[in-house]
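Presented below is the structure to which this report refers.
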Amino acid sequence: MPDIRDWPAWCVRHGLAAQFVRFVVVGLTNTGIGYAAYLLALRVAGFQTAYAIAYGVGIVSAYLLNSKFVFRRSLALSTAVRYPSVYLVQYVAGALMLQAIVRWFGMDRRWAALLVLALSVPVSFAINRSVLAAGKPQQDK
């Protein structure tokens, strides 16, 4: 895995530039969906519960959007079942970061969730690609 500063050049060298651009577009869309779910859930739940709800909504929308738009794969039960597992570790890390940012650094809980989401983008691309695109032919481009 390249250094985060070399990520764009690495993607171009490995023919992943178009996928990465689509991933960023989907990521921004999915971030908006997840953040909206977080804000809605905050109305009835604490920030950790709201984060968990938003994370679940984000996993479902990410699977659909990444499969169809980014990696151009058909939806399949096998990948749908495996897909949430890659986010388990990311969720735990994100929840811990959220706790630290809100409790230790005093950041507003509404903004803290956005920061946590932004920190996960490069790793998320690699994980998504490994689950959704590994060893399978793409649908028509």
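Take V102 and tell me if it is of a type in the set (A, V, I, L, M) and loosely packed, with under 14 Cβ neighbours inside 10 Å. No.
Residues in segment 35-49 that are touching a residue at least 40 places away in the same chain (Cβ under 8 Å) and surrounded by 14 or more Cβ atoms within 10 Å (Cβ to Cβ): Y35, Y38, L42, F47.
Quick grid of which residues meet (1) surrounded by fewer than 19 Cβ atoms within 10 Å (Cβ to Cβ); (2) β-branched (V, I, T); (3) modelled with pLDDT under 90:
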position: A9; (1), (2), (3): yes, no, yes
position: R22; (1), (2), (3): yes, no, no
position: I33; (1), (2), (3): yes, yes, no
position: V60; (1), (2), (3): yes, yes, no
position: L77; (1), (2), (3): yes, no, no
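A residue that is touching a Gly at 6+ places or on another chain (Cβ under 8 Å), of a type in the set (V, I, T) and part of a helix (DSSP H, G or I) can be found somewhere in segment 106-117.
When R72 is tested against (1) assigned to a helix (DSSP H, G or I); (2) of a type outside the set (D, E); (3) in contact (Cβ under 8 Å) with a residue 40 or more places away in the chain; (4) within 19 Å of L132 (Cα to Cα), just one condition goes unmet, and that condition is (1).
The values are calculated or read from the model by the stated rules, or taken from the named source; none is laboratory data. Nothing here was measured: the structure is a model prediction, and the numbers come from that model. Note that each Cβ is placed from the backbone with ideal geometry, even for glycine, and that neighbours are counted across all protein chains shown.
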